[in-house]
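Contents: one structure, followed by commentary.
The values are calculated or read from the model by the stated rules, or taken from the named source; none is laboratory data. The structure displayed is predicted, hence computed values, not measured ones. Methodologically, a virtual Cβ is constructed for each residue, glycine included, from the backbone with ideal geometry; neighbour enumeration extends over all protein chains shown. Surface areas here come from the heavy atoms of the whole protein model, side chains and all, with no ligands, DNA or RNA. Shrake-Rupley method; radii C 1.70, N 1.55, O 1.52, S 1.80 Å.
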Amino acid sequence: MRAYVMRRILVSFLVIVGVSILTFSMLHLVPGDPVRLMYGQRPVSAETLQVVRHQLGLDLPVPVQYFRYVSHALVGDLGRSIRSNRPVTEEILSRAAPTVQLALSGMLLSTIMGLPVGLLAALKRGTRLDKAIMFTSLLGVSVPRFWLALVLIFAFAVRVHWFPILADTSTRGLVLPALTLALGEAGMVARLLRTSMLQVLGEEYLVTARAKGLSETLVIIRHALRNALIPVVTVMGMEVGYYFGGSVMIETVFGRPGIGRLAVDAVISRNFPVVQGTVLLSSVIFVLVNTLVDLLYATLDPRIRYS
Amino acid sequence: MTRAARSLLALILLAAIISACATPAAPTTAPAQPPTEAVAEATAEPTAALTEAGPASGGTLVFVAGGAPENMDPATTYGNWDARVMRSIFDTMIYVDREKKMHPGLALSWEQSADAKTFTLKLRQGVKFHDGTPFNAEAAKYNFDRFGNPEVGTGTMSQYFTGYKGTEVLDEYTVRVTFDTPKSVFMYCLGDPFASIASPAAIEKWGKDAGQHPVGTGPFMMTEWVPGESITLVRNPDYQWAPEIFKHQGPAYLDSVVFRTVAEDQTRLAVLKNGEAGVAMGVPPFALDELLQDPAFYTIPSVPPGDTSQQMLNAAKPPTDELAVRKAMIYATDQETLAATVSGKTREASHSALARTTLDFDQAAEDMYRYDPEKAKSLLEEAGWVDTDGDGIREKNGNKLQVYWPAYTGEKTFAELLMSMWKEVGIDTRFEALDDAAAWEAAGAGQHNVTNMASINFDASILYPLFHSSNSQGYAFCNFRDDKLDEALTKALNAANDQERSENYALAQRIIMEQALIVPLTTLDSTVAARSEFADLSLDWEDYYLYFYDVYVKK
C-alpha cells in the first residue's frame, strides 16, 4: 500500500511537470501578444508597449522565460498577473473559496438528490415511478445549464424574492448557483446508480445474503448499494474537474468570482502567468482527487488490493 | 464506528468545509435589501419629491457592470473599468463641466504660458488623502513625475505626458509643470479620471501592489476589494473640498457604493429589477423600452467619447489598397440601420472616426459620407470592378472583390448585417471568427483587409496611436502613410493653443475620411439604467463616467 502511494505521488509529480511544460509552450505557440491586446481598449504608442513587454520579461527568449518561471515556481512564486499586477497565488486563492464552496455544495446537492432517486428507480424498475424518474433525470442531464440558470433566476429571484442572484457568500446566495450545478449532475448520478444497481441486483451474492436471513433493507444497503457505488464514485471523481472548471458558465451568470472564470479570462487575454497558475492548480487537484478515488475503491470493495 | 455513523460524519465534515469556505469573504456591510413597492410611489413625481424631502444621508448603492477593475494605480492603468471606480475614490486637479468649461478641483487656479509649455497650478489647501497624509505641492509633483517617467507611467495618462520636463515646487501649494513641447490639451487632461491624484505615501507603502490599494482624496474610500467580484467604497467623512460643479458640499450622501461585476446581460437586468442593484451599466437593447416605460426605473443615455466602433481598412493590402474600394465600402454601409437593428437605442450611428462627445470632434468630417449604395456601385465600376460571371461578386483582372476580416469574438452581432450590406454592392467578405488575441495578431501582421477598432478617450489624441504611421507596430492597422496626416496629428499634439489643436485634429479627421481609412459604424454602448429611488446620478463631462457624489436615496 505504501509503495503504491509513493509511486502514485511520483507519477503525479511527473504529470504536473509535464502539464506545466505543455501549458507554457502551448501558450507561446498560439498567436497573441498579451500586451498589445490589453492596451487595445485604449491604444498607446508602440514605445509604451515595448516598455511594458520589457517590464514583464516578455521580450526574453521563450526558454529563458520558462526557466525563470520554473525557478520562481519552485519556491512558491507563480509570478504576477499581467493585467492586475497582483501575485498569481493571490489571484487564485482569492477565488478558491467561492469555487470550492460552489463545487462542494453542488456535489453534495447532486448526491443527496441523485442517490436516493436512482436507488428508488432501480428498486421499482419498470414501474411508472421508474419511468418518471428516468424521464426527469434525462431532462436534468440534457437541459442547458445557461438556460436553467436564467429560469431559476427568473422564478426564484425576480418573480418572488426568495433567493438573491448576486451571491454574497451566505448560504442563501449559494442556493441558486448550486442548484443549477447540481440538477444536471443529480440526473447523471441517478441514471448511473440505477444501471449499476440493476446489474448488482442480479448477482448471486445477494441471494446468499438473503439466504442468510438478512433483512431486505440490509441486503440492499450493505450488499447491493455498496457494490453499485463503485462506478458512480469513479465517474464522480472524474467530474471533479467539471465542478471546478465547468462552473465558468454558472460563475458568469451569477456574477460569482471563481477559478474557472479566472482561467477562461486569462486564456482570452493571454495572461500567461495566470493561465499557468490555474492550470497548475487544477492539475494538482485533478491528480489528487483521482488518487483519492483509487484509494477509495479499496474501502468500497475489499477485493481490490494495492500491491 | 458503524458505517452509518461514518457516512454521517463525512457529511458533517463536508458541510463544515462548505461553511468554512463561506466565512473569509463575508461582506463588511449588509447588502442592499430588495426594496419593495414603496419605490413606484416615490417616483410618481420625482421633482416634487426632491424639493419636499431633500437629500438625506444614508443608503448603499450597488452598481453592476460587465467588467472588473484590475489596477487602480493612476500611473499605470489604462482600463475603463478602473477609471469608473477611480472617479469616486480620487479627485482630479480640475473638473470640467458638460459644456467643456474648466472648474477648480484640487487646483484652485492655473496659468498657462503663451507657448503652452509651462503650467502653474495653485493648489487647494486643507485637503487630506484617505490615509491622513496632506495633499500639497510635493504630492502633486510626485504624481506628475510618475505620469511623466516612461519607466513608470505606462498607463493612459502617460500618453499626455510625452515631453514632460519636470515639476517645480514653488511653495507648499504651488507647482509649475514644464514640457519640452507645447501641450495645449494639458489642462483638459487633468480633468480626466486617469489623471487622478494618488497619495504618495500609499504608493510608496504598497509598491508593486499600489494598484490594489487606491488611496485618493475623493468623496469615497475603498474598504474592500474582492478580485473579480466587488469593490466596496464608503463615504469619506472628511470630504470638505467638493468641486463647484456638484450640487452640494461636504461628505457624500450615500454611506457606501458597491461596484459589482456581472458579466451576463440578463443577470444585470434581473438584479436591477429585483432591487439587488441600484444602477446597471450596459443594458441589453431589447430591455431598454421596457425600462423606459416603467416609472420604477430611469435611464441615462451615454455616448462614450473616443474612436467609435469602426472597421479599419488595410491600405497596404489588395483590394483595400484601392481608394475606390475603400470609399465604396463606406457608401455601402448603412450605419443608421446597423445602430437601430443591432443595438436598439443604446448606440448612435457614426459617420467619422470620432464620437461627437470627443474633445476636438469635427462635424465636417462627420458629414462627408451618407449611405448611398448606388454611389458605391458606380465607384467600383469606374475602378474596373465588374461582375462578369453573374455571381453577385465583382471581379477585376480575374480577381474576386473579396475582403478578409479576422474578427473578434464580440463581432458576430453586427457582422452578418454588415457583410450583407457590402455584398449588396458586390463585395464579398471572408469572415473568420477568431479569439481576440488571434484577431489582434492577424491585424498586427497586416493580414487583414478589415479589422474592428473601438476605444474610449476624452479627446482626439486617440487618433495618434491609431493613424500616425509611426505606430504601425502598435495600433495603426490601416498601414497608411501620408505626410499630411502625420503632420496634422503631430502638430495637434504639440499645439500651443486650443484653436491650433482643434484645426489640426479637424484636418486629420477629414483626411481619414477623404482617404476612407475606416468604415465608421456606431458609437459605443454604455447606457446606464437606474432605480428611481436613487436620485441625482450624473455622467461626467466625458459623457461616460458616473458621479456618485450627489446621489441620495429618495425617502
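Of note:
- For region A:44-175, Kirkwood radius (reciprocal of mean inverse C-alpha pair distance, Å): 19.9
- Computed from the Cβ-Cβ distance with R0 of 30 Å, the FRET efficiency linking B:Q402 to B:S470 stands at 0.45.
- From phi via Karplus (6.51, -1.76, 1.60), per-residue ³J(HN,Hα) for region B:343-353 in Hz, x at Gly/Pro: 10, x, 9, 8, 10, 10, 5, 10, 10, 8, 6
- Across region B:163-264, Cα-Cα pairs more than 22 Å apart make up 50 percent of the total.
- Pairwise burial B:A, computed as accessible area of each alone minus the pair, summed, 1.4 Å, Å²: 5400
- Shielding value for B:438-448 is 3, the average number of Cβ atoms from other chains within 10 Å of each residue's Cβ.
- Using a probe radius of 1.4 angstrom, the carbon and sulfur fraction of the accessible surface of region A:1-102 is 71%.
- Here the accessible area of region B:269-370 is 55 percent carbon and sulfur, with a 1.4 angstrom probe and all protein chains present.
- Segment A:D77-A:R159, extension gain: residue separation times 0.36 nm, minus the distance between their alpha carbons: 24.8 nm
- For region B:311-383, convex hull of alpha carbons as volume per residue, Å³: 103
- Hz values of 3J(HN,Hα) by residue in region B:405-417 - Karplus curve (6.51, -1.76, 1.60), Gly and Pro given as x: 10, x, 10, 7, 5, x, 8, 4, 4, 10, 4, 4, 5
- The residues of region A:27-45 listed by number as losing at least 50 Å² of accessible area in the complex, against the isolated chain and with a 1.4 Å probe, are A:R36, A:L37, A:Y39, A:Q41, A:R42, A:P43, A:V44.
- Kirkwood hydrodynamic radius over Cα pairs of region A:232-275, then Stokes diffusion coefficient at 25 °C and 0.890 mPa s, in µm²/s: 219
- Taking max minus min of the alpha-carbon positions on each principal axis, chain A gives extents of 83, 58, 31 Å, largest first.
- Each residue was assigned an accessible area with a 1.4 Å probe, and for A:W147 the value is about 140 Å².
- Pairwise inverse Cα distances across chain B, averaged and inverted, put the Kirkwood hydrodynamic radius at 25.6 Å.
- Buried on assembly, region A:137-164 (at least 50 Å² less accessible surface than by itself, 1.4 Å probe): A:H161
- Normalised convex hull volume, region A:44-86, alpha-carbon set, Å³ per residue: 63
- Summed over the residues of chain A and divided among them, the accessible surface reaches 48 Å² per residue at a probe radius of 1.4 Å.
- Other-chain or far-sequence residues with amide H under 5 Å of B:L170's (modelled H): B:V175, B:R176
- By the Kirkwood approach, averaging reciprocal distances over each pair of separate Cα atoms, the protein assembly as shown gets a hydrodynamic radius of 30.0 Å.
- Straight-distance candidates among the lysines for linking to A:K124, with alpha-carbon spacing under 26 Å and chain neighbours fewer than 8 residues away dropped: A:K212.
- Highest mobility in the GNM of chain A, judged by mean-square fluctuation with C-alpha springs under 10 Å and restricted to A:A149, A:A46, A:A122, is found for A:A46.
- Calculated FRET efficiency, B:T490 to B:R370, Cβ-Cβ distance, R0 = 25 Å: about 0.20 to the nearest 0.05.
- Peptide packing: for A:114-121, A:193-200, B:191-198, the average count of neighbouring Cβ atoms within 10 Å per residue gives the ranking B:191-198, A:114-121, A:193-200, highest mean first.
- Spin-label zone in region A:267-307 - amide nitrogen under 16 Å from a point set 7 Å from the Cα of A:L214 along the C-beta vector: A:300-303
- Considering region B:461-555 at the alpha-carbon level, its Rg and Dmax are found to be 19.0, 61 Å.
- Available extension along the chain between B:H248 and B:E424 is 57.8 nm, counting 0.36 nm per residue and deducting the alpha carbon span.
- Percentage of interatomic Cα-Cα distances in region B:233-387 larger than 24 Å: 58
- Largest GNM mean-square fluctuation among A:G140, A:G32, A:G187, using chain A with Cα springs under 10 Å: A:G32.
- Per residue accessible area in Å² of chain B, where ligands, DNA and RNA are left out and the probe is 1.4 Å: 38
- Divided by 2.2 N^0.38 Å, where N counts the residues, the Cα radius of gyration of region A:156-228 comes to 1.77.
- The angle separating the long axis of helix B:137-148 from the principal Cα axis of greatest extent in chain B is about 30 degrees.
- When the convex hull of its Cα atoms is viewed from all sides, region A:247-307 shows a mean projected area of 6.0 nm².
- In nm, spacing of pseudo-spin labels at A:F67 and A:R2 (7 Å Cα→C-beta vector): 3.9
- Cross-link partners of B:K100 among aspartates and glutamates, defined as those whose alpha carbon lies under 13 angstrom from its own and excluding same-chain residues fewer than eight positions apart: B:D192, B:D360, B:D459, B:D498, B:D540, B:E542, B:D543.
- The alpha carbons of region B:413-476 give a radius of gyration and a Dmax of 14.0, 37 Å, in that order.
- Each residue of region A:119-199 gets 100 Å³ once the volume of the Cα convex hull is shared out per residue.
- C-alpha long axis of helix A:62-74 to longest principal axis of chain A, angle in °: 60
- Rough spin-label spacing in nm, given labels placed 7 Å along Cα→Cβ, for A:V11 and B:D294: 5.6
- Residue-averaged [θ]222 nm for chain A, counting only DSSP H segments that reach four residues, each worth -39500 (n - 2.57): -24500 deg cm²/dmol
- Legend: distances between Cα atoms for B:K128/B:K491; B:K128/B:K183; B:K247/B:K412; B:K165/B:K317; B:K273/B:K412; pairs beyond 31 Å are B:K128/B:K491; B:K247/B:K412; B:K165/B:K317.
- Evaluating 6.51 cos²θ - 1.76 cosθ + 1.60 at θ = phi - 60° for every residue in region B:457-464, the Karplus couplings come out as 7, 6, 10, 6, 5, 5, 5, 4 Hz, glycine and proline recorded as x.
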